[in-house]
Amino acid sequence: MWMLLLAANVARAAYAYRGALTAATPIRFGLAPGPRLPVPASVVQPRLARIFAHMAATAPETMKGEALDAAIKEQGDAVRALKASDAPKAEVDAAVARLLELKAMLPPPGPVELPTNEKSPTLLRIRHTSAHVMAMAVQKVFPGTKVTIGPWIDNGFYYDFDSEAQFTAADLKKIKKEMDKIIRKKLPLVREEVSREEAKRRIEELGEPYKLEILEGLEEPITLYHVGDEWWDLCAGPHVETTGDIDPRAVALESVAGAYWRGDETKAMLQRIYGTAWESKEQLEEYQRRAEEAKRRDHRVLGKKLGLFSIQPDAGGGLVFWHPRGARVRRLIEDFWKDAHTDAGYELLYTPHVANVELWKTSGHYDFYKEGMFDQMDVEDEEYQIKPMNCPFHVLVYKDGLRSYRELPLRWAELGTVYRYERSGTLHGLFRVRGFTQDDAHIFWGMRQIK
C-alpha cells in the first residue's frame, strides 16, 4: 500500500517540481491525504531523490522569449559554421536536430496581417523596385525585349514587355531565378535628374521606342533610376535603398497576360507579367493561402456547381442566365428589396428596355457615357438605344401629367435591367457583365424640402 501512496505523491510532486530538481536537491515530502501508513524515511527519501534526478535529466527543455530567440540564433550560427567547415555529417545532423528542437519550442504563430501600399510606404517601395528588378531580369534572360511601363498595384506589381519570345510558366521560373541573383548583389537604387534631350539621347541609344513615347508625356523634372550601373529606367520613384532590401523569399511571379499598349486595341499587343511582393516570407505565404482560398470560393465555379447561373457562349459574353435554383435565390432577394423600399415609402416602376436615343442625349448621358453604350439600332428611320440607364425613363413618368407640390416628395424605385458595352477582356463572371438588373431609385422633391 505504501508503494501506491508513494507513486501518487511522486506524481503530484513531479507536476510541482518538473525540470527543477537535481539529485542534490533537498526533498521535503509529505504524503497525500488518505490512509497513513508508516513509511520509513530511509526508504522514501533516496527513492524520490533518484526519481527526480532522472526526471530533471530527461525532461523536455523549456525556454521562452529572448532566451529562446538567443539560443536559436546561436545554434543556427553553429550549424552554418559546421557546414562551412566540412564537419562530419553526423556532427552536422546532430546540430541541425538540436536547432529543430529549439524551434519546436517557439509558440505557434499568430494570424499574419497583410499590409497595404497605403499603410506601408516600405511595401510600396519594395513592389516598385521589384518591378524594375523583374524588367532587368527579363532583358537579361531574353535579350532584345523592349520594356514599357511597370507600376506597383494593390497586391504587387506588373511590367509590360514587347518580346519575340512567348513567355511561359517555365520562363517565369528562369526570370525569378535571375531576379534572385540581382537581389543578392545588393545593387544600389540611384536617382538621376537629366534634361529631356539627354534622356532622349540615352533612350535612343538603348533602342527603346516605348520609352520615347513615355518621355513625350512627362513633365519636368525628368528622372531616371539606376539599378547599380547595370540597368536604368525612366521613373519618378520611390524605391528601396538597395536590391538587398527585398527578401527574395517574399517575391513571386504569378502569371502572364496580354495587354494592348496604352490600353488601345489598335496598338501593339504586349505581354504583361504579374508579380507579387511582400515584406516577409510569412506575408507571401499568407497571401498565397488567401489566393488559393479565393479560387476555391470563386463564384463562377460555385455558380456552376450549385446550378445557380451560367453565361452561354452561344448567346454572347457578359449575359447572365439564371437557372431555377439561382432564380429562387434572386426572387428572395428581390422580394426583400421590394418590401424594404415599400416600407420606406417608395413606389415601384417598370420601364421598357429600349427607347429613342434622343432621351439620353437630352439627359446628357450620351455625351458622357456613349463609349459604354451599345450601338444604336434603326427603327423606322429613328435611332433606338438599348437601355444603359433608367434615369430618363423615370423623368418621363414624372412629366406624364401635371404635378402639384403637395404630391412631393415622390419616391420611385425600379429593378431596371440595363445593358452596357464592355470589352470582352474585361468581362468577369457576375462582377463585370454586359447586362444586369440595377437597384435604381429617384426622389422628386421641392427645393424647400431639402434639409
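The values are calculated or read from the model by the stated rules, or taken from the named source; none is laboratory data. Here the structure is a predicted model, which is why all the values come from computation and not from measurement. No Cβ is skipped: glycine too gets one built from the backbone with ideal geometry, and neighbour counts run over all protein chains shown. These area figures cover heavy atoms from the full protein model, side chains too; ligands, DNA and RNA do not enter into them. Shrake-Rupley method; radii C 1.70, N 1.55, O 1.52, S 1.80 Å.
Quick notes on this structure:
- Taking all protein chains as they are arranged and a probe of 1.4 Å, the heavy atoms of Y398 leave approximately 60 Å² accessible to solvent.
- 30 Å Cα-Cα reach of K304 towards lysines, excluding residues that sit fewer than 8 places from it in its own chain: K295, K338, K387
- Estimated FRET transfer efficiency (F321, K399; beta-carbon r; R0 41 Å; 0.05): 0.70
- Here, the chain is characterised by an Rg to Rh ratio of 1.18, where Rg is the alpha-carbon radius of gyration and Rh the Kirkwood radius.
- Whole-angstrom gap from the range 397-450 to the range 278-295, using each part's C-alpha centre: 40 Å
- Each residue, L408 and L106, gets one label point 7 Å from its Cα in the Cβ direction; the gap between the two is 6.8 nm.
- Electrostatic tally near D245: other residues with Cβ closer than 13 Å to its Cβ, Lys and Arg +1, Asp and Glu -1, net +2.
- For the range 330-451, the dipole from Cβ point charges (+1 on Lys and Arg, -1 on Asp and Glu) about the Cα centre works out to 580 debye, to the nearest 20.
- Ranked by how many other beta carbons lie within 10 Å on average, peptides 131-142, 331-342 from highest: 131-142, 331-342
- Ranking W232, W261, W322 from most to least accessible surface, computed with a 1.4 Å probe over the protein chains only, gives W322, W232, W261.
- Under 5 Å, built H, 5+ apart or other chain: amide partners of Y260: L270
- Listed by chain and number, the lysines whose C-alpha is less than 22 Å from the C-alpha of K103, apart from same-chain residues fewer than 8 away, are K64, K73, K83, K89, K281.
- The range 150-304: C-alpha gyration tensor shape, a/c 1.5 cut-off, then a/b vs b/c: oblate
- Taking the average, over residues, of other Cβ atoms within 10 Å as the packing measure, peptides 215-226, 289-300 rank 215-226, 289-300 from highest down.
- Neighbour net charge for A259 - beta-carbon separation under 13 angstrom, K R +1, D E -1: 0
- Label-to-label distance, nm, for residues given as L302 and D245 (7 Å Cα→Cβ offset): 4.0 nm
- Of the whole protein surface, C235 contributes about 20 Å² of accessible area at a 1.4 Å probe radius.
- A 1.4 Å probe run over the protein chains yields, for the range 272-329, 65 Å² of accessible area per residue, whole-number rounding.
- Using the Cβ-Cβ distance between K83 and S195 with R0 set to 35 Å, the FRET efficiency from 1/(1 + (r/R0)^6) comes to roughly 0.10.
- Think of the chain as having a plus end and a minus end, set by charges on the Cβ of Lys, Arg, Asp and Glu; of Y158, A87, L114, A87 sits farthest toward the positive end of this dipole.
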